Amino acid sequence: MTDSLTALKCRLADVHHLHTAAAVLDWDQQTYMPPGGVEARAEQKAVLSRLAHTLFTADETGALLATSEEAVRGASPDNDDGALLRVVRRDFDRAVRIPPTLVEEFTRVTALAQEEWAKARAANDYAAFAPWLERILDLERRTAEAIGYADRLYDALLDQYEPGMTSRRLDEVFAELKRDLVPLARAIAERAGSVDASLLHREYDEGTQRTFAEAVLKECGFDFTRGRQDRSVHPFCTHFSQNDVRITTRYDRHFLPQALFGSLHEMGHGLYEQGVAPALEGTLLSNGTSLGVHESQSRLWENLVGRSRGFWRHYYPQLKRAFPSSLTEVSCEAFYRAINRVAPSLIRVEADEVIYNLHIILRYELENELLEGKLTVADAPAAWNARMTEMIGLTPPDDRRGILQDVHWSIGIMGYFPTYSLGNVLSVQLFDAAVAAAPSIPGDIESGRFDTLLSWLREHVHRHGRKYLPEELIKQATGVGLTVQPYVRYLKQKFGDIYGLT
């Protein structure tokens with residue numbers, strides 16, 4: 001290793017640690033921090049973000065990077081140092097375009113806005129949050145203009161979360177999904193009465209929900225000696241190292257799936273972070289390669305595993321013992337059908353697999369219109385409700401269950417929502433590839449064994465961290481790039497069976 005590369009790695013380690021320190025503060029803000037601490041916390045996070053950005057974009061970093069690139073020129077694409085320099089170059093060239101003052105302002109405003117969103121959501125008071133959304137939109141536009149883009153403003157923001165993806169490609173993906181999923185949803189709606197999900201709304205003690213869910217997470221492979229689960233307003237996963245991964249969930253004593261499948265979802269993210277190769281720890285390669293690939297892991301464990309018949313053939317007897325008064329007379333098949341019921345839902349995180357992507361398309365369309373000035377902040381709730389009525393068939397009765405339901409805009413991550421749908425698509429591609437390589441996986445799941453599946457994901461996805469761009473990683477793992485059809489086929493087969501569709 002050259003002296004310049006050693007010096008660069010030391011410098012990048014400092015940047016990494018500043019970011020993870022900020023992540024600790026963010027996790028605390030969303031879980032345990034008293035509301036009165038928000039202004040001080042905003043300043044703390046703002047300073048850390050400015051310091052990290054300034055250190056990363058300094059002339060010395062650029063000089064060390066250029067010298068190191070010469071030293072590893074011609075290295076194998078699989079070489080860790082070569083991969084690190086490719087990622088650093090990409091991040092550096094983008095970051096140097098953003099002024100440190102903008103980074104600091106963005107962090108400060110979103111830290112404050114997050115608390116205002118939580119209060120506005122609880123009070124169903126969009127007007128209280130609207131000025132903050134105006135400020136965030138301005139900051140997002142300024143960031144996008146600083147980064148630059150060839151086609152649409154949205155592309156600059158999207159690329160931060162899904163490198164290589166463009167809004168034009170997203171339009172193609174979403175058009176294909178709508179073409180197949182809207183008719184499927186309509187066909188299912190004609191048979192809506194054939195599945196009863198009322199059993200999910202009985203009494204389910206919160207403490208028992210937590211005990212059951214955490215036992216399942218442990219058996220799936222989430223290492224609680226290197227991670228923990230807590231409660232938050234909106235579920236999320238964060239990590240401060242591979243050995244300190246935090247996930248959160250939320251509970252509803254009269255709706256069992258919220259915490260149960262929310263926990264499985266965030267566990268998928270957590271497994272990814274715990275599975276990155278130890279050699280990448282503390283470097284800019286230690287995160288997942290993209291939010292879409294990250295989401296593929298959460299949706300794989302939540303849906304392809306957690307909502308499968310085989311999973312519940314193993315776990316349902318345990319669930320009945322945990323909640324005897326609510327489930328005694330309910331069969332495993334009835335429970336399986338209930339948790340997979342397809343019905344229009346106001347809330348994205350509670351939406352079924354068929355309807356879920358329509359929620360994402362709605363948000364994607366509105367984000368573009370807000371960013372491009374085609375939609376005003378004042379008119380956004382009405383536009384949200386109209387789009388919900390048109391696309392999903394429900395009109396939110398209030399903003400709390402409408403435009404205020406998601407935390408994302410308040411924390412300044414516009415361009416993020418499409419990664420949820422990309423994750424849905426990729427989850428099936430990856431699961432199919434795993435089963436093709438290890439046909440025992442469905443049977444293993446039915447027996448409560450998850451090591452074969454997790455080992456395949458560790459080998460083909462997790463361990464690589466950010467070494468490869470999303471498309472490169474998916475091609476290596478599955479043999480082809482992103483393709484929608486396996487996902488659509490999975491939905492048609494699964495729900496065609498449940499609803500008796502031909």
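The values are calculated or read from the model by the stated rules, or taken from the named source; none is laboratory data. For clarity, every value in this text was computed on a predicted model and none was experimentally measured. Here the Cβ is made from the backbone with ideal geometry for all residues, glycine too, and neighbour counts use every protein chain on show. Accessible surface areas use protein heavy atoms only, side chains included; no ligands, DNA or RNA. Shrake-Rupley method; radii C 1.70, N 1.55, O 1.52, S 1.80 Å.
Open to solvent by 30 Å² or more (accessible area, probe 1.4 Å), of a type in the set (K, R), at pLDDT below 95 and closer than 30 Å to P317 by Cβ: is that true of R179 in this structure?
No; evaluated as a whole, the condition is false for this residue.
Quick one: which of L422, L454 is outside any loop (DSSP other than H, G, I, E, B), open to solvent by less than 40 Å² (accessible area, probe 1.4 Å) and under 23 Å from Q160 (Cα atoms)? Before the answer, list the steps.
Values: L454 fails: under 23 Å from Q160 (Cα atoms).
Every option except L422 fails the conditions.
Read through the list (1) more than 20 Å from the chain's Cα centre (by Cα); (2) crowded, with 20+ Cβ neighbours inside 10 Å; (3) touching a residue at least 60 places away in the same chain (Cβ under 8 Å), then give the number of the only condition that Y364 fails.
So the condition that Y364 fails would be (1).
If you go through the stretch 370-384 one residue at a time, do you hit one that is modelled with pLDDT of 95 or more, assigned to a loop (DSSP other than H, G, I, E, B), more than 30 Å from A42 (Cα to Cα) and open to solvent by 10 Å² or more (accessible area, probe 1.4 Å)?
yes
Quick check, is H265 closer than 30 Å to S325 by Cβ, assigned to a helix (DSSP H, G or I) and within 13 Å of the chain's Cα centre (by Cα)?
For H265, the condition - closer than 30 Å to S325 by Cβ, assigned to a helix (DSSP H, G or I) and within 13 Å of the chain's Cα centre (by Cα) - is met.
Taking the stated definitions as given, is K467 touching a helix residue (DSSP H, G or I) at 6+ places or on another chain (Cβ under 8 Å), modelled with pLDDT of 95 or more and of a type in the set (K, R)?
yes
Residues in the stretch 290-329 that are β-branched (V, I, T) and open to solvent by 10 Å² or more (accessible area, probe 1.4 Å): how many?
Within the stretch 290-329, the subset β-branched (V, I, T) is 293, 305, 328.
So of that shortlist, the ones also open to solvent by 10 Å² or more (accessible area, probe 1.4 Å) come out as 328.
Here the count works out to 1.
Within the stretch 270-293, track down each residue that is at pLDDT 95 or above, of a type in the set (S, T, Y) and either part of a helix (DSSP H, G or I) or over 24 Å from S427 (Cα atoms) (or both).
Residue satisfying the conditions is Y272 alone.
Cβ-Cβ under 6 Å, sequence separation 6+ or interchain: first residue in the stretch 476-488 and under 15 Å from F174 (Cβ atoms) and open to solvent by less than 30 Å² (accessible area, probe 1.4 Å), partner in a loop (DSSP other than H, G, I, E, B) and among the β-branched types (V, I, T). Which pairs?
none
Under 28 Å from I413 (Cβ atoms) and in contact with a Gly (Cβ under 7 Å, 6 or more places away or on another chain): is that true of R86 in this structure?
no
Could you count how many residues in the stretch 186-236 are open to solvent by 20 Å² or more (accessible area, probe 1.4 Å), more than 30 Å from D28 (Cα to Cα) and in a helix (DSSP H, G or I)?
8
Inside the stretch 330-355, can you point out the residues that are modelled with pLDDT of 95 or more, open to solvent by less than 30 Å² (accessible area, probe 1.4 Å) and not in a loop (DSSP other than H, G, I, E, B)?
Within the stretch 330-355, F335, Y336, A338, I339 meet the criteria.
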